[in-house]
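K.L.:
Pasting in a structure now, in structure tokens, and then I'll have a few things to ask.
Just so it is clear, none of the values below were taken in a lab; they were calculated from the coordinates. Note that the coordinates shown come from a computational prediction; the quantities given were computed from them, not determined experimentally. Please note: Cβ atoms are built from the backbone with ideal geometry, for glycine as well, and neighbour counts cover all protein chains shown.
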Amino acid sequence: MVVLNRIYTRGGDKGDTALGDGARVPKHSLRVSAYGTVDELNAVIGLARQYSDGALDEQLARIQNDLFDLGADLCRPEMERDAQAEYPPLRIHAAQVARLEQDIDAMTAELEPLRSFILPGGTPLAAHLHQCRTVGRRAERIVVELAEGESINPEAVKYLNRLSDWFFVAARMANDSGRGDVLWVPGANR
């Protein structure tokens, strides 16, 4: 249970911050950029949810919760002794990745195959979901870069990779099951 009695701590006034294991790192560190971008993605989802309802909104709410799990995962460096820790760190699990895949498959079954790339846009919900997709891809790139130099949970990268695919398919669903997609016309303005 998280209890926040005070919002400011002054602990970061000199440009560093504490990770989940207590280590202090510069606020510009790659790890902080990774979970900060995941937090940004969560905020963008909050904007998208202003236009969603029903099953899609329920899925977005679940994803927002998963992103808090992912942020917790990324802010605590991977430790070989996770299982022996007094408070085992929260980690993204394969089941969360599989759930995204199931959602993608279910939505894709309702869509006509694409015959062209699509431009981000359409309904307000679809436009916001495309923005979520691009912020998610940026988060994925940062996490992949982080993984080149530090140990991270490999399910974190898989989750972000599937999530941007989820946003793409969900944006098509928000565009009248793809009928309102804005198609790219190569060289249309030459």
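K.L.:
Sorting LEU125, LEU70 on the 10 Å Cβ count, fewest up front, what's the list?
P.N.:
Ranked by crowding around the Cβ, least crowded first: LEU125, LEU70.
K.L.:
Ok, one more. List the residues, sorted by chain then number, that are 5 or more residues from ARG76 or on another chain and whose placed amide H is less than 5 Å from its amide H.
P.N.:
Under 5 Å from the amide H of ARG76 lie the amide H atoms of GLY20, each far enough along the sequence or on another chain.
K.L.:
Tell me, GLU40, GLU148 in order of fewest to most beta-carbon neighbours within 10 Å?
P.N.:
GLU148, GLU40
K.L.:
For the chain, what does the helix formula give at 222 nm: sum of -39500 (n - 2.57) over DSSP H segments with n ≥ 4, over the residue count, nearest 500 deg cm²/dmol?
P.N.:
Counting only the DSSP helices, I get -18500 deg cm²/dmol.
K.L.:
Quick one: among ALA23, ALA147, ALA34, which has the greatest mean-square fluctuation in a GNM of the chain with alpha-carbon springs under 10 angstrom?
P.N.:
So, out of ALA23, ALA147, ALA34, the one fluctuating most is ALA23.
K.L.:
Tell me the volume per residue, in Å³, of the convex hull enclosing the alpha carbons of the chain.
P.N.:
Cα-based convex hull of the chain, divided per residue, equals 161 Å³.
K.L.:
Please work out the Cα convex hull volume for the stretch 113-155 and give it in Å³ per residue.
P.N.:
That works out to 112 Å³ per residue.
K.L.:
I would also like to ask the following. Can you give the Rg and Dmax of the stretch 1-111 based on its C-alpha atoms, in angstrom?
P.N.:
Considering the stretch 1-111 through its Cα atoms, Rg and Dmax are 16.8, 52 Å.
K.L.:
Sort the stretch 81-130 into rounded, prolate or oblate with this rule: let a ≥ b ≥ c be the square roots of the eigenvalues of the Cα gyration tensor; rounded if a/c is under 1.5, and if a/c is not under 1.5, prolate when a/b is larger than b/c, oblate otherwise.
P.N.:
Prolate shape, in that a/c is at least 1.5 and a/b is the bigger ratio.
K.L.:
Another one. Which one, GLY136, VAL169, PRO124, is farthest towards the positive end of the dipole of the stretch 70-190 when Lys and Arg carry +1 and Asp and Glu -1 on their Cβ?
P.N.:
Final value for the positive-end residue is PRO124.
K.L.:
Next question, about the same structure. Determine the gain in length on full extension of the stretch ALA72-GLU148; use 0.36 nm per residue of separation and subtract their C-alpha separation, reporting nm with one decimal.
P.N.:
25.4 nm
K.L.:
With the contact rule set at Cα under 8 Å and sequence spacing of 6 or more, what percent relative contact order holds for the chain?
P.N.:
27 percent
K.L.:
Also: By per-residue mean of other Cβ atoms within 10 Å, what is the highest-first order of 181-189, 164-172?
P.N.:
By packing density, highest mean first, the sequence is 164-172, 181-189.
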